[in-house]
1. Label Asp24 and Gln78 with points 7 Å out from Cα along Cα→Cβ: what is the distance between them in nm?
2. If you take the C-alpha gyration tensor of region 4-84, multiply each eigenvalue by 5 and take the square root, what semi-axes do you get, largest first, in whole Å?
3. Roughly how many Å² of Ser84 are accessible to a 1.4 Å probe, to the nearest 10?
4. If amide hydrogens are placed 1.01 Å from N in the peptide plane, which non-local residues have theirs closer than 5 Å to the one on Gly39?
5. Taking a 1.4 Å probe, which of Val17, Val10, Val85 shows the most accessible area, and what order do the others take after it?
Amino acid sequence: MDGPEEAEGVYEYGGRVYRLEERDSERWTVTADDGQDVGVLVALAGPGRNGPEYTIDLPGEEGRVGEPSTDDWRRALQTLIDESVPPVGG
């Protein structure tokens, strides 16, 4: 099964490299190649879920209620990066 556990280490997106590191069970910190704290990728579990779903915690907004979730961890990671990091050259 494909999941962030398999990608732990480095992930390339938008011309930059990001480091995923599992800190707590089902929570991966994401750091940009320049050391910027991007946020946290969070796996959700619980009744009513058919499989893993992922959401994000932006820096300074950890645990914010209402963040959307998706079964695609890459999409959640890309959303986290898009919301936290200015584009290359931007």
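The values are calculated or read from the model by the stated rules, or taken from the named source; none is laboratory data. Predicted model only: the values in this text are computed from it and were never measured. Glycine also receives a Cβ, built like all others from the backbone with ideal geometry; neighbour counts cover every protein chain displayed. To get the accessible areas, we keep the full protein, side chains included, count just its heavy atoms, and leave off ligands, DNA and RNA. Shrake-Rupley method; radii C 1.70, N 1.55, O 1.52, S 1.80 Å.
1. The two pseudo-label positions are separated by 2.8 nm.
2. So the equivalent ellipsoid measures 20, 14, 11 Å along its semi-axes.
3. Solvent-accessible area, nearest 10 Å²: 30 Å².
4. Val30
5. Val10, Val17, Val85
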